[in-house]
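The structure appears below as structure tokens.
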Amino acid sequence: MNENGDVALPVDLVTISRTVAHALVPRAELPERSWVDATTGQLLGQLSLLLLEDLGDTDPAPVRDLHRIAYRLLDRNGRPDPRTPPLHAYEYMRTLATVTHSVAALYTRRWAGER
């Protein structure tokens, strides 16, 4: 529960890891656009959830840069839409997966000693 009395959703690192792994599997061909869009939606939700958590010290430059990149990816103006070429949508999804993986690693490092 946070200071506003809201109950926080649990962070399911297993599901996040699976989504990231599926998104980053090397492929010989572009996957179906519907799969890319669905996976992108999952990753957007997972990254948003992770960024609500206490990730520890955000002062080091690499951590600040990671936060900046994550929030830029979450910005609605930069997301793919139905007119976005399939390759660009796929590359956005893969970048989103990589950043989600990095933020999940921060979360894991932050809370590893407290569990």
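Points worth noting:
- Residue satisfying condition, being loosely packed, with under 12 Cβ neighbours inside 10 Å and either farther than 18 Å from Trp111 by Cβ or at pLDDT below 95 (or both), within set Ala8, Ala23: Ala8
- Taken together, the residues in the range 60-78 that are charged (D, E, K, R) and farther than 24 Å from Leu13 by Cα amount to 1.
- Within the range 58-115, the set of residues being without any contact (Cβ under 8 Å) to a residue 12 or more places away in the chain and basic (Lys, Arg) comprises Arg64, Arg68, Arg72, Arg76, Arg83, Arg115.
- Residue count for the range 44-56, restricted to those that are in contact with a helix residue (DSSP H, G or I) (Cβ under 8 Å, 6 or more places away or on another chain) and either farther than 22 Å from Asp12 by Cα or part of a loop (DSSP other than H, G, I, E, B) (or both): 4
- Residues of the range 57-103 satisfying the condition of being part of a helix (DSSP H, G or I), basic (Lys, Arg) and open to solvent by 80 Å² or more (accessible area, probe 1.4 Å): Arg64, Arg68, Arg72, Arg76
- Selection within the range 26-43 - assigned to a loop (DSSP other than H, G, I, E, B) and exposed (fewer than 10 other Cβ atoms within 10 Å of the Cβ): Pro26, Arg27, Ala28, Glu29
- Residue list for the range 104-115, filter: aliphatic (A, V, I, L, M) and surrounded by 15 or more Cβ atoms within 10 Å (Cβ to Cβ): Ala104, Leu106
- Pairs, first over 20 Å from Ile69 (Cβ atoms) in the range 26-52, second open to solvent by 40 Å² or more (accessible area, probe 1.4 Å) and in a helix (DSSP H, G or I), C-beta under 7 Å, six or more apart: Leu30/Pro86; Leu30/Leu87; Arg33/Pro86
- Condition met for Gln46 (modelled with pLDDT of 95 or more and either open to solvent by 40 Å² or more (accessible area, probe 1.4 Å) or among the aromatic types (Phe, Trp, Tyr) (or both)): no
The values are calculated or read from the model by the stated rules, or taken from the named source; none is laboratory data. In this text the structure is predicted, and so the values were computed from the model without any measurement. Methodologically, a virtual Cβ is constructed for each residue, glycine included, from the backbone with ideal geometry; neighbour enumeration extends over all protein chains shown. All accessible areas refer to the heavy atoms of the entire protein, side chains included, with ligands and DNA or RNA removed. Shrake-Rupley method; radii C 1.70, N 1.55, O 1.52, S 1.80 Å.
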